[in-house]
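Below is one structure, written out as structure tokens, with a few remarks after it.
The values are calculated or read from the model by the stated rules, or taken from the named source; none is laboratory data. Remember, predicted model here, so these are calculated numbers, not experimental data. Please note: Cβ atoms are built from the backbone with ideal geometry, for glycine as well, and neighbour counts cover all protein chains shown. The area values use the complete protein model at the heavy-atom level, side chains included, leaving out ligands, DNA and RNA. Shrake-Rupley method; radii C 1.70, N 1.55, O 1.52, S 1.80 Å.
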Amino acid sequence: MPEFIIGARGHDFGRHDPDTLFSSIGNAGFRCTQLAYTKAIEGVKSYADVTDELVAATQAAVAKSGVSIAVDGTYVELSYADEDRRKAEVAKVLSQIPVAKALNAGCMGSETTNMAKQPGVSRKEAQEALLRSLSEILPACEEQGVLFAVECVYYHAMNTPEAVKMVLDTIASPNLRILCDLANYVGPEDASLDAQRRIWDKVGSWYGDKIAAVHFKGQNFKPDRTLYSTSLEDSCVDYAGGFAMLRQMPQASIPVLREEAVPARSASDISFMKQFAY
């Protein structure tokens, strides 16, 4: 059974300098984080602002706080069908691979583009664009010894366990990993316990050993099937079933990152998460 290391998404604590940010995360009781420079560090508007000095300050903050970087969050759109836009997004990732390596991040990570951002583009076209992006990113990751993880979201290009398996089988890179947000697998048609258990069975048996980190958040659906965020206690997500699957995985450790964290609720959230992660 893996050791589950409880952490939080950095930008839920606001924008700060690295020392303040990592101290705040550690003082809240979290042991690791998902760091997105463009969302969590003051003064960083683009990846061009991630300087060697900023990386050094981040390394110092990690050492001082004891909060490790589980995921270097590179928020990019990997599934743009428009080639110029897609290549520009890939270039952002390529620029950050040396940063992730310097920070000793567990992996880099990204979602795969909300389908609503590309009206008129089919999911098949978006997935083909995703494969092109990954085929350009992974060789550089392999060369520099960095893992790159993509996240399944039911309304994005990579939207089901079947789609994840296709991507892993097609790219076939030893450095490709998966970010597993349990909530993001669950659409309004999958909210029942039986449906979720079928999803966890597929995730675990098909690629559970490729999971680099887990995201933990609350969500539910209104009667009209509209998605909304909830506290962890009010979520429809089958955490018990998801973690029953995760406990069977061979990884020595798996970070479990609270998304949409409210710092003032950190103690109760950690207590809730430990019900499943311990």
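The lysines within cross-link reach of LYS202, meaning a Cα-to-Cα straight distance under 23 Å and a gap of 8 or more places when in the same chain, are LYS124, LYS165, LYS210, LYS217. For LYS64, list the aspartates and glutamates whose Cα falls under 18 Å from its own Cα; do not include residues on the same chain fewer than 8 positions away. Partners within reach: ASP17, ASP19, GLU53. Within the listed set SER110, SER192, SER65, the residue fluctuating most in the Gaussian network model of the chain (springs between alpha-carbon atoms under 10 angstrom) is SER192.
In segment 152-249 the Cα-Cα distances spread across 5 Å bins starting at 0 as 2, 13, 25, 26, 18, 10, 4, 1, 0 percent of all pairs. Residues HIS215, HIS11, ordered by accessible area of protein heavy atoms at a 1.4 angstrom probe radius and largest first, appear as HIS11, HIS215. Which Cα, out of VAL93, THR160, MET115, lies furthest along the positive dipole direction of the chain (beta carbon charges, K/R +1, D/E -1)? Ranked along the dipole, the leading option is THR160.
Summary of packing: across the peptides 240-247, 129-136, the per-residue average of other C-beta atoms within 10 Å ranks them, highest first, as 129-136, 240-247.
Remind me, relative contact order of segment 114-245 in percent, using alpha carbon pairs under 8 angstrom and six or more residues apart?
21
Taking K and R as +1 and D and E as -1, what net charge do the other residues with C-beta under 13 Å from the C-beta of GLY73 add up to?
Neighbourhood net charge equals -3.
For segment 46-138, the convex hull spanned by the alpha carbon atoms encloses 97 Å³ per residue.
Diffusion of the chain by Stokes-Einstein, at 25 °C in a medium of 0.890 mPa s and with Rh set to the Kirkwood radius over alpha-carbon pairs, works out to 130 µm²/s. With K and R counted +1 and D and E -1, the other residues having a Cβ less than 12 Å from that of ALA40 yield a net charge of -1.
When restricted to Cα atoms, segment 1-56 yields an Rg and a Dmax of 12.3, 41 Å, respectively. For the chain, the solvent-accessible area of protein heavy atoms averages 41 Å² per residue (probe radius 1.4 Å; ligands and nucleic acids excluded). A simple count of charges around TRP200, restricted to other residues whose Cβ falls under 12 Å of its Cβ and scoring Lys, Arg +1 and Asp, Glu -1, yields 0.
Highest mean packing comes first when the peptides 118-126, 77-85, 27-35, 221-229 are listed by Cβ atoms within 10 Å, giving 27-35, 77-85, 118-126, 221-229.
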